[in-house]
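Here the structure is laid out as structure tokens; the discussion comes afterwards.
The values are calculated or read from the model by the stated rules, or taken from the named source; none is laboratory data. Just so it is clear, the structure is predicted and the values come from calculations on it, not from any experiment. Glycine gets a Cβ as well: all are built from the backbone with ideal geometry, and neighbour counts include every protein chain shown. Heads up: the accessible areas ignore ligands, DNA and RNA and are worked out on the full protein's heavy atoms, side chains in. Shrake-Rupley method; radii C 1.70, N 1.55, O 1.52, S 1.80 Å.
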Amino acid sequence: METLADLLSDAAAGRPPAPDCSVTVLPQPSERDAGIIAFTAHTVVFADVDPAWVHARLPAGDLSAPLLPAFLTAMEAATGRRAGNLDLLALAAPLPGPPPLPLEELTGGDHPRVARARRYRDAVRVWVAGDEAGLITLGQGVGGRWEVAVEVEPGHRGRGLGRALATAARHLAPGPLWAQIAPGNAASVRAFLAAGYLPMGAESLLVLDDD
């Protein structure tokens, strides 16, 4: 059986799921990670649920249904989890050479940024720019993929730092780099697009209540 890691690796290599209006149900890659990814005309449900149960609740050909409240609520009840934010899922290839701005890596595991990131990702590393004006977090998240998150302190926004951090992350990443971006955060969406990340789909994770 294909795994989520296989599917994501293929998508990163330019081979996303076929746009055939179908739904693929895969096992959870870990106890931590479950959710739904909508690629172009193809949805992937990765959770420990019966595929027949999933298909019975999704009207054939309805591309919106897997991420609508009715199905997400049913998935919450079936998994005992909570549907998280609906995010834009974007992807970028790694870049050679050093990052284009000076960064300092945070090595203390007790730093609150590091501690929080470790709840959702493995092999977490965190860098700061300037006097913590901006922050980059890299780690292995859903299906073992490399994920990035960037933060810019309010007083430093509107100066292109978000784009610079998103670009720098591509120089730090050991492989294809995925970003989960809240669509309502237009500034973040613009920053990642300007840094060369390409939209791949939409994603909603099913998280445990203590997350």
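Run THR79 past the list (1) within 30 Å of LEU165 (Cα to Cα); (2) at pLDDT 95 or above and report the number of the one that doesn't hold.
(1)
In this structure, does GLY155 turn out to be farther than 18 Å from ALA117 by Cα, in a helix (DSSP H, G or I) and either touching a strand residue (DSSP E or B) at 6+ places or on another chain (Cβ under 6 Å) or modelled with pLDDT under 95 (or both)?
Answer is yes for this residue.
Could you list, in sequence order, all residues of the range 166-211 that are surrounded by fewer than 18 Cβ atoms within 10 Å (Cβ to Cβ) and acidic (Asp, Glu)?
Selection gives ASP209, ASP210, ASP211.
Of the conditions (1) modelled with pLDDT of 90 or more; (2) small (Gly, Ala, Ser); (3) in a helix (DSSP H, G or I), GLY139 clears all except one; give me its number.
(3)
How do the pairs read when you match residues in the range 13-25 that are closer than 15 Å to VAL45 by Cα with residues anywhere that are open to solvent by 60 Å² or more (accessible area, probe 1.4 Å) and of a type in the set (Asp, Glu), using Cβ under 9 Å and keeping only pairs 6 or more apart or on different chains?
CYS21/ASP62; THR24/GLU2; VAL25/ASP50
Could you tell me which residue of the range 63-110 is nearest to the chain's Cα centre (by Cα), considering only residues that are under 30 Å from LEU135 (Cβ atoms), open to solvent by 40 Å² or more (accessible area, probe 1.4 Å) and without any contact (Cβ under 8 Å) to a residue 24 or more places away in the chain?
Here the residue is GLU105.
Evaluate the following for ALA149: is it open to solvent by less than 60 Å² (accessible area, probe 1.4 Å), part of a helix (DSSP H, G or I) and at negative phi?
No, not satisfied.
Report, by residue number, each residue of the range 31-62 that is among the hydrophobic types (A, V, I, L, M, F, W, C), part of a loop (DSSP other than H, G, I, E, B) and open to solvent by less than 60 Å² (accessible area, probe 1.4 Å).
Those that are among the hydrophobic types (A, V, I, L, M, F, W, C), part of a loop (DSSP other than H, G, I, E, B) and open to solvent by less than 60 Å² (accessible area, probe 1.4 Å): ALA34, ALA41, ALA47, VAL49, LEU58.
Condition test on LEU165, is it over 11 Å from LEU89 (Cα atoms), in a strand (DSSP E or B) and over 12 Å from the mean Cα position of the chain (by Cα)?
no
Considering the range 4-23 alone, what residues qualify as being touching a Ser or Thr at 6+ places or on another chain (Cβ under 9 Å) and open to solvent by less than 60 Å² (accessible area, probe 1.4 Å)?
LEU7, PRO17, SER22, VAL23
Taking the conditions exactly as written (among the β-branched types (Val, Ile, Thr) and touching a helix residue (DSSP H, G or I) at 6+ places or on another chain (Cβ under 6 Å)), does VAL49 satisfy them or not?
yes
Taking the range 119-138 on its own, how many of its residues are surrounded by 15 or more Cβ atoms within 10 Å (Cβ to Cβ) and of a type in the set (Lys, Arg)?
Number satisfying all stated conditions: 2.
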